[in-house]
């Protein structure tokens with residue numbers, strides 16, 4: 001079909017470090033997963049796939065005919081639909097798709113895509129034609145219809161089962177969290193390349209927790225990968241190399257080896273506690289998305305589970321999870337993690353956490369507000385938590401808290417449900433915490449501290465709401481800064497308040513795992529951080545070779561600096577000078593010399 | 001049986017051979033048992049395939065050749081040529 005493509009190098013945002021090489025596994029822009037599969041099982045399998053395609057054609061034709069028959073349409077519209085119907089059953093089209101399946105042994109969806117792509121090219125090359133666009137649009141309609149039908153209606157979910165049996169890199173415009181969580185379980189996925197920008201989004205968070213090399217914001221990726229067999233994702237430089245040449249592949253394999261060895265160095269003593277040279281201890285926990293990640297967290301040296309996000313695990317479900325669903329997962333979680341403490345955050349739907357069950361568009365309808373509004377969704381969760389509490393050390397974290405009343409109301413609900421379950425004794429095992437992520441919560445932090453056992457600082461949302469920045473918007477990205485004096489001062493104040501009221505405090509957002517802040521946090525008196533498992537080894541390394549006094553010195557410089565830019569420069573420079581072997585710039589240069 | 005008929009026509013409707021026009025053309029062609037092809041600038045396509053016809057650039061005023069082979073080919077070409085010449089009953 002397509003001629004040999006030349007190598008192309010695309011630049012994007014590095015989201016997860018590491019190098020991945022593999023086959024291109026392409027997900028179409030409009031339909032989530034359109035894979036490129038080689039059929040196994042010889043001629044029979046090909047014939048079967050062709051029949052599947054012909055059935056899809058029939059199904060689409062039926063649908064079109066039904067629309068034409070049932071609705072009273074103007075003559076004009078009818079003739080267009082009739083043209084579409086004819087295009088659908090056209091012998092040229094069905095013949096070409098059928099031949100593609102039979103000759104190349106590929107799946108029907110991919111055959112449809114390549115035939116339409118070729119047609120679009122032929123059309124574009126057919127000469128100046130002022131109604132070219134209309135024709136292209138007609139083709140698009142037919143292609144979409146066929147793909148939807150082949151994919152079985154809404155979607156992509158069925159596809160996750162059909163992933164390649166060899167190393168692959170997932171290439172897509174964007175990914176839903178539910179797609180991603182299914183993909184993460186695959187044995188052969190080696191990296192992720194997306195067109196959509198990453199920034200600080202939930203997608204980014206989940207990608208980090210999975211730890212696969214990932215580069216986002218790759219403009220034009222989908223055009224480039226069409227017709228290409230292989231791709232390299234370089235999460236160190238933030239690049240994707242489409243159709244790499246043999247020497248490039250060799251260089252990347254070498255670079256991957258150097259990086260993997262570098263990273264493995266941090267894993268040797270990862271199980272040891274993180275204590276600074278002058279005796280200050282930092283407790284380090286893991287943020288995870290599913291109970292199966294507990295083992296990963298342990299392997300990377302987590303001392304506790306600092307954030308278990310419950311909303312993500314239900315994204316694939318069609319129905320609201322029941323009390324039993326909740327109980328089973330929390331039980332498993334606490335059981336596996338024991339004797340570690342586990343902080344489970346109640347549902348925080350909203351923002352970009354799309355779900356099939358619940359989608360809230362409103363800016364402020366999230367977290368605990370949402371939970372109170374939908375008891376049918378929330379109460380089964382509360383009951384599941386109460387029942388599971390007997391099996392471990394459970395902390396319940398309330399997201400999006402903006403008032404003391406919300407804590408009180410939650411406590412009342414907890415008590416009521418425990419009474420109903422006759423499990424009041426379980427309540428003594430439960431600690432309750434407030435997520436500090438709204439400006440309102442910052443101002444009433446002292447009042448909240450009297451009501452809760454711990455604070456957890458969600459830095460991503462805190463920065464978003466403090467700075468009024470839509471995270472997905474590239475144009476605003478300069479305002480989304482962890483180095484802003486308002487952000488750093490907020491953290492410092494919270495640390496003070498937590499100490500004053502003798503409650504726990506943990507930084508669990510993106511900043512928690514960012515090694516540039518580790519020393520500064522120590523200086524602020526913060527002694528608990530929670531992060532993606534993959535970030536733990538490096539942060540531990542920094543604590544161990546650092547001094548509390550250095551942290552205090554950094555804090556003083558921070559308090560005297562008024563500019564975001566200056567603060568960023570100071571922190572980056574200081575940390576890079578102190579830890580030349582750890583910080584990215586230094587070791588990326590190192591890897592460049594040695595490898596790629 | 002070994003006959004062949006052909007005719008050169010000019011596209012009269014403003015929108016050229018768009019999807020609806022092409023569908024009318026194919027429907028008419030399908031009424032005949034003969035093979036029908038359409039040729040423009042050296043590119044020849046199956047005239048009983050709407051996709052084939054759409055792939056030809058045939059805007060208003062351009063000319064193309066209709067070629068038929070087989071039973072009633074003369075009749076077929078005449079009917080198809082007429083359809084094109086009347087601008088597919090489109091209001092001009």
Can you give me the relative contact order of chain B as a percent, contacts being Cα pairs under 8 Å and 6 or more apart?
46
Can you give the angle from 0 to 90° between the axis of helix A:564-578 and the longest principal axis of chain A, with both taken from C-alpha atoms, to the nearest 10?
80
How would you classify the stretch B:42-92 from its alpha-carbon gyration tensor, with a ≥ b ≥ c the square roots of the eigenvalues: rounded for a/c under 1.5, else prolate if a/b is greater than b/c, otherwise oblate?
oblate
Using only C-alpha atoms and all pairs of different ones, pull out the Kirkwood radius for the stretch A:438-596 in Å with one decimal.
16.6
Do me a favour and compute the ellipsoid semi-axes for the stretch A:431-527 from its Cα gyration tensor, root of five times each eigenvalue, largest one first, whole Å.
23, 15, 11
Taking the Cα atoms only, what angle lies between the long axis of helix A:42-70 and the longest principal axis of chain A, rounded to 10 degrees?
90
Quote to one decimal, in nm, the extra length available between residue A:372 and residue A:493 on full extension: 0.36 nm per residue of separation minus the C-alpha distance between them.
40.7 nm
Computed from every Cα-Cα pair in the protein assembly as shown, P(r) in 20 Å bins starting at 0 and rounded to whole percents is 16, 40, 27, 14, 3, 0
With the 8 Å Cα cutoff and a minimum separation of six or more residues, the stretch A:384-443 has a relative contact order in percent of 55
For chain B, what is the mean residue ellipticity at 222 nm derived from helices alone (per DSSP H run of n ≥ 4: -39500 (n - 2.57); sum divided by total residues; nearest 500 deg cm²/dmol)?
-9500 deg cm²/dmol
So for the protein assembly as shown: antiparallel DSSP bridges make up what percent, rounded to the nearest 5?
45
Any idea how far apart residue A:453 and residue A:38 come out in nm if each label point goes 7 Å out from Cα toward Cβ?
5.5
For chain A, what is the mean residue ellipticity at 222 nm derived from helices alone (per DSSP H run of n ≥ 4: -39500 (n - 2.57); sum divided by total residues; nearest 500 deg cm²/dmol)?
-15000 deg cm²/dmol
Could you give log10 I(q)/I(0) at q = 0.15, 0.16 Å⁻¹ for the stretch A:277-594, computed by the Debye formula over C-alpha point scatterers of equal weight, without solvent?
-1.26, -1.41
Convex hull projection area averaged over all views, chain B, Cα basis, nm²
5.0
Relative contact order of chain A, defined on C-alpha pairs under 8 angstrom at six or more residues apart (%)
15
For residue A:137 and residue A:186 in one chain, what is 0.36 nm times their gap in residues minus the Cα-Cα distance, to one decimal in nm?
14.1 nm
Exercise: per-residue mean of other protein chain Cβ atoms within 10 Å, A:135-145:
2
Provide a whole-number value for the mean count of partner chain Cβ atoms within 10 Å of the Cβ atoms in peptide A:209-220.
0
Obtain the nm distance between the two label points defined at residue A:263 and residue A:365 by a simple spin-label model: each point lies 7 Å from its Cα along the Cα-to-C-beta direction.
4.0
Against the 2.2 N^0.38 Å scaling, with N counting residues, where does the stretch A:42-150 land? I'd like the Cα-based Rg ratio to two decimal places.
1.14
So how much slack lies between residue A:319 and residue A:501, counting 0.36 nm per residue of separation and subtracting their Cα-Cα distance, in nm?
61.4 nm
Sites residue B:8 and residue A:144, calculated FRET efficiency, Cβ-Cβ separation with R0 35 Å, nearest 0.05
0.45
In degrees, nearest ten, helix A:132-150 long axis to first principal axis of chain A (Cα):
70
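Only the coordinates and a few stated rules stand behind these numbers; no lab work does. All values derive from a computational prediction rather than experimental measurement. We place every Cβ from the backbone using ideal geometry, glycine too, and count neighbours over all the protein chains shown.
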